[in-house]
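What follows is a single structure, written as structure tokens, with notes after it.
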Amino acid sequence: MKGLFKPKPRTPMELVLQTRDLLIFLDQNTETRERKRVEKMSELSKQILEIRIVLFGNGQAEPNPDACAQLAQEFFKHDTFRLLVACLPKLDLGARQNATHVIANLQRQRVGGRLIASEYLENNLDLMDILLPGYEDGDIALTYGAISRECIRHQIVARYVLGSEYMKKCFTYIQIPNFDIASDAQATFKELLTRHKSTVAEFLSANYDWLHNQTTCCQAIGRHAT
């Protein structure tokens, strides 16, 4: 008889809370038996895929705006966003790709007319201190790079990065020998300098000489390399 009844769909709140529990397990239980860890990882991959379907639809039906808004609200309220970012290196490739799509979508979700990702990131700017150094890790560089660009869509984040030590490190990242990573870092650098004109103008006014010198050095290195 069980086969006659489909399981009741989980609410956005249930999805987020269950995902959060799995992320906490993955983050904190480093010495768990391998079999149990694999089981939890499989559950988490399914949860992330289900969240992606809520946000993007399933190919047959469009996403429900109310469900998307509720999911986004729960995601940021319970700090699941931070947990997901921290656990990305531990996910398999498929789950990591789905998680990246989820994070990108959440940046655009509005709740009551408010862009809640922007409000969340304003109070959690240190997340960029996790994302941007990802360029130094070849396994996670492209994933963290893509997420960094999504976060930079918010002016408060762009202003923080432009004023941080990572802005100076961008010139190191775009010279990384790995072409894909260097190109990704260059895309992030371009996003920083083109997305928010007023913030960029302030940065250039205060740092024009430094930026000019760095650009000149990079061009010289490029000519020498060729």
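Yes or no, residue by residue, for (1) outside the structural domain of Glu202 (by TED's automatic domain parsing); (2) in contact (Cβ under 8 Å) with a residue 60 or more places away in the chain:
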site: Glu74; (1), (2): yes, yes
site: Leu83; (1), (2): yes, yes
site: Val102; (1), (2): yes, no
site: Gly112; (1), (2): yes, no
site: Leu115; (1), (2): yes, no
site: Asp137; (1), (2): no, no
site: Thr143; (1), (2): no, no
site: Tyr160; (1), (2): no, no
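Within the stretch 7-64, the residues that satisfy the criterion of being in contact (Cβ under 8 Å) with a residue 40 or more places away in the chain and β-branched (Val, Ile, Thr) are Thr11, Val16, Thr19, Ile24, Ile48, Ile51, Val54.
Within the stretch 31-89, if we keep just the residues that are over 19 Å from Leu17 (Cα atoms) and aliphatic (A, V, I, L, M), the residue that is farthest from the chain's Cα centre (by Cα) turns out to be Ala61.
The values are calculated or read from the model by the stated rules, or taken from the named source; none is laboratory data. The structure presented is a predicted model; accordingly, all values stated were derived computationally and were not measured. Don't worry about glycine lacking a Cβ; one is built from the backbone with ideal geometry, like all the others, and counts go over all protein chains shown.
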